[in-house]
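Here's the structure we're looking at; comments come further down.
The values are calculated or read from the model by the stated rules, or taken from the named source; none is laboratory data. Fair warning: this is a prediction, and the values are worked out from it, not measured in the lab. Counting neighbours? That spans all protein chains shown, and the Cβs are built from the backbone with ideal geometry, glycine included. Keep in mind that these areas ignore ligands, DNA and RNA; they rest on the heavy atoms of the full protein, side chains included. Shrake-Rupley method; radii C 1.70, N 1.55, O 1.52, S 1.80 Å.
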Amino acid sequence: MSVSRYHCQLRQSAAERRAETHPLTWRLREDGAVVGLDEYLDKDGYAAAREVLDHQSSDDVIATMKEANVRGRGGAGFSAGMKWSLTMKGEGIPRGYLVCNADEMEPGTFKDRLLLEQLPHLLIEGMIIGGYANHSRFGYIFLRGEYVEAARALTRAIEEARAAGWLGNDIAGSGYDFDIALHTGAGRYICGEETALISSLEGNRANPRAKPPFPGQSGAWGKPTVVNNVETFCNAPAVMRHGAAWYQALSGELSNDGGTKLYGVSGKVAKPGLWELPIGTRGSELLERAGGMRDGRALKTWLPGGGSTGFLLPEHLDEALDFDTIGKLGSRMGTGLLTVINEDQSVLSLVRNLEQFFARESCGWCTPCRDGLPWTVKILQSLERGEGERGDLEMLDKLGSDLGPGKTFCAHAPGAAMPLQSALKYFRDEFERGVAHPPSNAHADPIPVGAV
Ligand SMILES: Cc1cc2nc3c(=O)[nH]c(=O)nc-3n(C[C@H](O)[C@H](O)[C@H](O)COP(=O)(O)O)c2cc1C
Ligand code: SF4
């Protein structure tokens with residue numbers, strides 16, 4: 001088993017994964033091979049798309065998605081049904097595009113990869129439903145360039161679906177035309193931001209665009225465009241097959257959000273991996289499923305959903321992992337893949353590493369991000385060497401605030417600010433220790449110029 005496959009492992013047996021409780025993963029094979037068209041059809045595949053195309057209107061689909069409260073799994077948690085209801089469509093409006101965001105470059109995140117590599121037909125079925133609801137005739141899957149296995153699986157699945165009449169003109173005799181193209185990116189994190197993704201898809205430099213207009217009004221090639229995450233689309237077939245009430249009940253008392261979530265754990269745990277669990281499952285249960293801390297070391301801190309989320313403390317593990325609860329703790333659920341840090345690790349070095357990544361991935365369009373992130377990295381590096389200067393921590397506070405929401409064109413900079421600000425809040429002493437010991441007379445008042 002290769003290292004990359006190891007990180008993509010679902011740690012739930014077929015016996016645990018049932019159609020009634022695991023809508024995203026119950027069809028996965030134990031051997032990790034791709035679920036091809038025949039097997040997918042045997043496992044109730046395309047039944048939801050058939051039901052929608054034969055018996056429902058676009059408005060019916062949107063109403064059910066809204067009622068089920070499917071919140072976008074790409075990180076922001078925006079209601080999928082609401083997004084679909086806000087897309088411009090109808091008489092006289094040109095038909096737009098449906099885009100699946102499969103760029104997945106968030107540090108510590110490897111959930112979409114599992115679905116893309118092993119269950120490509122579930123994504124295609126979800127996109128057919130999304131396309132129908134949004135009056136689109138064409139969909140794109142924008143795939144992270146390094147996901148070579150996923151590209152292979154998707155290419156084959158698209159061909160299979162086309163040959164079987166599930167893509168193309170007059171899908172399954174319904175009169176609805178919809179096709180999908182796979183577009184592989186060139187490995188830039190910013191391409192995951194939906195408007196940068198659209199720029200890149202059009203063949204332009206991957207710069208984000210100011211909103212409004214939102215993509216649902218004017219997106220790819222100026223047409224209404226819906227962008228959703230892989231996992232979001234993969235929820236649609238089960239919602240349409242079993243209904244909003246069933247989907248809502250999956251999370252039960254744990255959360256107001258509907259359904260399940262592909263949660264994951266990486267870092268200093270015994271068994272990193274992925275699990276499909278009701279949304280709102282506590283972090284402590286995830287840590288337990290991951291076999292606890294590796295080598296018996298104590299938990300120091302954790303990131304709840306990728307590098308662009310804020311650090312949380314061990315006591316926060318007892319909170320529900322959902323968008324609202326984690327938001328109230330001052331962080332974000334993000335992708336829902338935990339990164340676990342132990343007592344031996346330096347949070348300062350971890351933050352420097354993350355900020356280096358964010359600085360490298362900045363598109364450079366706005367000043368706080370283009371110049372502020374490298375400046376942040378420079379200060380963090382000097383603190384790491386124990387050569388920090390007085391005032392460095394205050395400068396990091398200021399840089400964190402200048403990178404915050406509302407100061408830049410896109411959410412890349414606010415995402416980068418989150419680990420920095422939360423680390424300064426919870427682990428300030430680590431940063432303070434990096435300030436070089438001032439010389440004994442450094443605190444004396446400066447001698448005024450001209451004084452005798
Ligand atoms: C810098 C940056 C990178 C992002 N990367 C991804 C990504 O790889 N995949 C993703 O689905 N969303 C990503 N997003 C969020 C998208 O902009 C968008 O909100 C999401 O694709 C919408 O899908 P959803 O509503 O289904 O979550 C990123 C956002 C930012 C600011
Ligand atoms: S915040 Fe950063 S990535 Fe986003 S537009 Fe500005 S420079 Fe580009």
With label points built 7 Å along Cα→Cβ from the Cα atoms of Lys407 and Phe78, find their separation and express it in nm. 2.3
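What is the extension gain from Lys271 to Ala436, computed as 0.36 nm multiplied by their sequence separation minus the C-alpha to C-alpha distance, in nm to one decimal?
Once the chain is fully extended between Lys271 and Ala436, it gains 55.5 nm.
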Find the Cα radius of gyration of the range 31-100, compare it with 2.2 N^0.38 Å by division, and give the number to two decimals. 1.39
For the chain, treating each Cα as an identical point scatterer without solvent, what Debye log10 I(q)/I(0) comes out at q = 0.11 1/Å? -0.86
Of all the accessible heavy-atom surface of the range 347-432, with the other protein chains kept in place and a 1.4 Å probe, what percent is carbon and sulfur? 53
Point-to-point label distance, Glu387-Arg18, nm (Cα→Cβ direction, 7 Å offset): 6.2
When the dipole is taken about the Cα centre of the range 262-342, and only Lys, Arg (+1) and Asp, Glu (-1) are charged at their Cβ, what size is it in debye, to the nearest 20? 340
Heavy-atom surface of the range 17-242, accessible at 1.4 Å and reported per residue (Å²): 37
In the chain the DSSP beta bridges are antiparallel at a rate, in percent to nearest 5, of 40
If each K or R counts +1 and each D or E counts -1, the residues other than Cys410 whose Cβ falls under 10 Å of its Cβ total 0
Scanning the chain for helices, which whole DSSP H stretches are 24 Å or more long along the axis (Cα) and average -1.0 or more by Kyte-Doolittle? 367-384
Just to verify a number: FRET efficiency for Ser284 and Glu91, C-beta to C-beta distance, R0 = 45 Å, to 0.05? 0.30
Assuming R0 = 45 Å, can you tell me the calculated FRET efficiency for the pair Ala181 and Asn353, based on Cβ-Cβ distance, to the nearest 0.05? 0.80
Leading residue at positive end of dipole, the range 347-432 (Cβ point charges), from Thr376, Tyr426, Gly406: Gly406
Probe radius 1.4 Å, ligands and nucleic acids ignored: give me the carbon and sulfur share of the accessible area of the range 17-242 as a rounded percent. 48
Counting only DSSP loop positions in the range 332-387, the GluC sites (Glu not before Pro) whose Cβ has at most 16 other Cβ atoms within 10 Å are Glu343, Glu387
Any chance you could get the radius of gyration and Dmax over the Cα atoms of the range 347-432, in Å? 11.7, 34
Non-local residues with an amide H under 5 Å from the amide H of Leu338, with H modelled 1.01 Å from N and Pro and chain starts lacking one, are Gly264, Val265, Ser266
Total charge dipole magnitude, the range 347-432, about the Cα centre, Cβ charges on Lys, Arg, Asp, Glu only, Debye to nearest 20: 260
Please get the size of the charge dipole for the chain, origin at its Cα centre, with Cβ charges of +1 on Lys and Arg and -1 on Asp and Glu, quoted in debye to the nearest 20. 560
Starting from the Cα of Leu41, step 7 Å along the direction of its Cβ; do the same at Asp371; then give the gap between the two resulting points in nm. 6.2
Can you tell which of Leu143, Leu115, Gly203 lies farthest toward the positive end of the dipole of the range 102-205, using +1 and -1 charges on the Cβ of basic and acidic side chains (Lys, Arg; Asp, Glu)? Gly203
Ignoring ligands, DNA and RNA, what accessible area per residue does the range 299-437 give at 1.4 Å, in Å²? 41
The farthest towards the positive end of the charge dipole of the chain, of the residues Leu329, Thr25, Gly185, given +1 on Cβ of Lys and Arg and -1 on Cβ of Asp and Glu, is Gly185
Entries in Lys300/Lys425; Lys111/Lys407; Lys89/Lys328; Lys328/Lys407; Lys268/Lys378; Lys261/Lys398 that, when Cα-Cα distance is taken, lie over 24 Å: Lys111/Lys407; Lys89/Lys328; Lys268/Lys378; Lys261/Lys398
Reach of Lys83 by Cα under 17 Å, taken over lysines that are not fewer than 8 positions away in the same chain: Lys66, Lys211, Lys223
